[in-house]
Amino acid sequence: MSALSVGAAEFARVFKAKSPSAAMRAACTRLLRECAIENPPISMRTLLKRLDVEVEYDEPSKEAEAELLLKDGGFKIRMRKKALEENWFRTRFTVAHECGHVLLIRSLRDSSLISSLDASPEAYRELEYLCNLAASELLMPRAMLREQSRMRGVTPEGLKFLRETFAVSREALVNGLKDVLPGTDLVVWKKFSRSSTEEKAFRVVSSAGYHAVESTPWLPPGCTERHIYPRMIEKAYAEKRHIYTDELQISVGRRRWLGRGIATFFPPQNASRQLELEALGLRPPRLEYGRGDDEGPTIYLFVAERRSSTREQFVGEQNESA
């Protein structure tokens, strides 16, 4: 057995799981149950106390937002204080990621198995994936996220509510939603040009992975919305509202996919105030609808096959019944 799989395979065996990912989900579920946490936002203080982990705010010894250290038989997470001040939601994910490391170490209990987890670049990538999975599962327990998203949907108002409810970053939330929405894939768009001679337009940044199956939605990075119909991305951004359709078409070469889709975004924090001022005929400060954690407007296109999805999972039961 290779160094890549020794520690991860043992972790799966400990939890009697089919894969290391399934084992991590089980470990997180057990921890949340032991902490008697039933509603979001998830208390990091409660999780850390259960795991016997301290947090101190200082400069880590390496170039990272945080590092995990041993302390008197327990663990200590050393965080950059500046990171906490700049982005609290991201800091919560970072701390939860380190909790994933603690779950692995405590489950394996063997130095050689623990060392195998980052014995090669491939093993390290697997390790970081598992700890990112732990952060997502701990901060957004799937049953809680599924229930809240069922009611609120992934409209701009729904995304804002879910982000504030679970206290997570935009990226973490949309990736979590992709997991809990039945049969759903996600295409992320940003407005940019790839060269000085190219027109600035909304282009794909990331998409569902390519599969040989013709029914799988997929768009290559850099392509514009001429590959989708109706053209929803620029419209959602220009009209400052989500665009939903039951008849979305995605075409790349000879590949053609049909299904449901919603183009949506995270509204500015002061969006409601801006709309109030506009209604009064006043000129509000300019806010960038769809702006993500980094530069440039970001539009999220959630897509799903009609047979495995409903309109309600995108727009929310509350909005559907309104």
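The values are calculated or read from the model by the stated rules, or taken from the named source; none is laboratory data. None of the values given here were measured: they were computed from a predicted structure. Don't worry about glycine lacking a Cβ; one is built from the backbone with ideal geometry, like all the others, and counts go over all protein chains shown. Ligands, DNA and RNA are stripped out before the accessible areas are found, and what is left, the full protein with its side chains, is counted by its heavy atoms. Shrake-Rupley method; radii C 1.70, N 1.55, O 1.52, S 1.80 Å.
What to note about this one:
- Total residues in segment 181-201, condition outside any loop (DSSP other than H, G, I, E, B) and not basic (Lys, Arg): 8
- In segment 133-180, the residues that are assigned to a helix (DSSP H, G or I) and of a type in the set (S, T, N, Q): Ser136, Gln148, Ser149, Thr165, Asn175
- Residues (open to solvent by 40 Å² or more (accessible area, probe 1.4 Å) and either under 14 Å from the mean Cα position of the chain (by Cα) or under 21 Å from Ser21 (Cβ atoms) (or both)) located in segment 171-199: Glu171, Asn175, Lys178, Asp179, Pro182, Gly183, Asp185
- If you filter segment 140-170 down to residues that are within 17 Å of Ser309 (Cα to Cα) and surrounded by fewer than 23 Cβ atoms within 10 Å (Cβ to Cβ), you find that the one that is farthest from the chain's Cα centre (by Cα) is Met151.
- Checklist (1) open to solvent by 60 Å² or more (accessible area, probe 1.4 Å); (2) modelled with pLDDT under 90 applied to Arg226, failing item: (2)
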